[in-house]
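Values in this text are rule-based calculations from the coordinates and carry no lab data. Bear in mind that the values here come from a model prediction, so they are computed numbers and not experimental data. Cβ placement follows ideal geometry from the backbone for every residue including glycine, while neighbour counts extend to all protein chains displayed.
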């Protein structure tokens, strides 16, 4: 497990995305007790969304 700050993660995105294939990545947020866990998946498991619906949902949030 690797624990990094949000700014460290942001400055080295590629490094941590690559490491996520082998390691659990935990990202801390300054000033909060919350953390984010980076999880690599080969596919999204949302049984109630079709591929088109998922893509549209992602695009709507961008």
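Before moving on, here are some points about what is shown:
- Looking at segment 2-61 alone, DSSP beta bridges between its own residues are antiparallel in about 50 percent of cases.
- Here the contact order of segment 2-61, divided by its residue count and restricted to Cα pairs under 8 Å and six or more residues apart, works out to 28 percent.
- FRET efficiency estimate (nearest 0.05) - Cβ-Cβ, residue 51 to residue 13, R0 30 angstrom: 0.75
- When 27, 55 are sorted by how many other C-beta atoms sit within 10 angstrom of their C-beta, beginning with the fewest, the order is 55, 27.
- Rounded tilt (10° steps) of 51-61 against the dominant C-alpha axis of the chain: 50
- Projected label distance in nm at residue 6 and residue 34, using a 7 Å step from Cα toward the beta-carbon: 0.8
- Using the rule -39500 (n - 2.57) for each DSSP H run of four or more residues, divided by the residues of the chain, the 222 nm mean residue ellipticity is -10500 deg cm²/dmol.
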